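Report on the following structure.
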Amino acid sequence: GGLTAAFNTLKQQDFAEAKFESLGGNADQLVTNLKAVSNELQGQRSVVELTAASYDVASAGFSSAAEASLVLKAASQGATGGFADLNTVANATTSVLNAYQLSAAEASTVVDQFIQTQNDGKIVVAEYAANIGKVAAAAAGLGVPLSEVNAVIAQSTASGVQAEVAFTGLKGALARLASGE
């Protein structure tokens, strides 16, 4: 049983590396970086789990090993502090980074804002991450800072509005602003 589990882990790792490389990334460098990230996180995330999540990060445009590692480290910390899974937070992080035209070096700051919104409102990062894609591009396009988006979401959810409803309402308000209303 132990040998089968070890082979399955190796198979998963090889598959994840191949996916990352299919987007032009250097899997050897990625694995080296992710080993360091896993150690920094004190083993909260395995190299296999981080490597598996790297494909989605790379497909969002963060395809260098260094960029992917920065995003995955921040997303992992946000997932732990925000009661969410790694892929969900990584996806939200790359969505916000891309919408606001930020670099991977800003991933930690972006995820910190996710956590602050959780702390200020009645929302968890999993809910935030599942919904931020609805408004990030529109807000960025209108020049609305992420901090203001987060303040609206925190205040709305703190007053009892469900997270999905708050994001949908904000999306509607941004659309009306964009149309000149």
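Within the range 130-149, the residues that satisfy the criterion of being crowded, with 20+ Cβ neighbours inside 10 Å and touching an Asp or Glu at 6+ places or on another chain (Cβ under 9 Å) are Asn131, Ala139.
Within the range 167-175, can one find any residue that is open to solvent by less than 60 Å² (accessible area, probe 1.4 Å) and touching a residue at least 40 places away in the same chain (Cβ under 8 Å)? No, the range 167-175 contains no residue that is open to solvent by less than 60 Å² (accessible area, probe 1.4 Å) and touching a residue at least 40 places away in the same chain (Cβ under 8 Å).
If the condition is being of a type in the set (S, T, N, Q) and in a helix (DSSP H, G or I), then the range 1-28 contributes Thr4, Asn8, Thr9, Gln12, Gln13. Looking across Gln162, Gln116, one residue alone is touching a residue at least 24 places away in the same chain (Cβ under 8 Å) and open to solvent by 60 Å² or more (accessible area, probe 1.4 Å). It is Gln116.
All conditions but one from (1) in a helix (DSSP H, G or I); (2) buried (at least 19 other Cβ atoms within 10 Å of the Cβ) apply to Gln155; the one that does not is (2). Looking only at residues in the range 42-76 that are charged (D, E, K, R) and out of contact with any Leu (no Cβ under 9 Å at 6 or more places or on another chain), the one that is farthest from Gln12 (Cα to Cα) is Glu67.
Number of residues in the range 1-27 that are farther than 13 Å from Leu50 by Cα and among the acidic types (Asp, Glu): the value is 1. The set of residues in the range 163-181 that are over 14 Å from Val124 (Cα atoms) and out of contact with any Leu (no Cβ under 8 Å at 6 or more places or on another chain) comprises Val165, Thr168, Gly169, Leu170, Lys171, Gly172, Ala173, Ala175, Arg176, Ser179, Gly180, Glu181. Quick check: anything in the range 18-37 touching a helix residue (DSSP H, G or I) at 6+ places or on another chain (Cβ under 6 Å) and closer than 21 Å to Ile115 by Cβ? Yes, the conditions are met somewhere in the range 18-37.
In the range 1-53, which residues are under 17 Å from Glu67 (Cβ atoms), under 21 Å from the mean Cα position of the chain (by Cα) and acidic (Asp, Glu)? Correct list: Glu17, Glu21, Glu40. The set of residues in the range 15-51 being aromatic (Phe, Trp, Tyr) and either touching a Gly at 6+ places or on another chain (Cβ under 8 Å) or open to solvent by 90 Å² or more (accessible area, probe 1.4 Å) (or both) consists of Phe15 alone.
The values are calculated or read from the model by the stated rules, or taken from the named source; none is laboratory data. Because the structure is predicted, anything quoted here is derived from the model rather than measured. So basically every Cβ, Gly included, is an ideal-geometry build from the backbone, and we count neighbours across all protein chains shown. Surface areas here come from the heavy atoms of the whole protein model, side chains and all, with no ligands, DNA or RNA. Shrake-Rupley method; radii C 1.70, N 1.55, O 1.52, S 1.80 Å.
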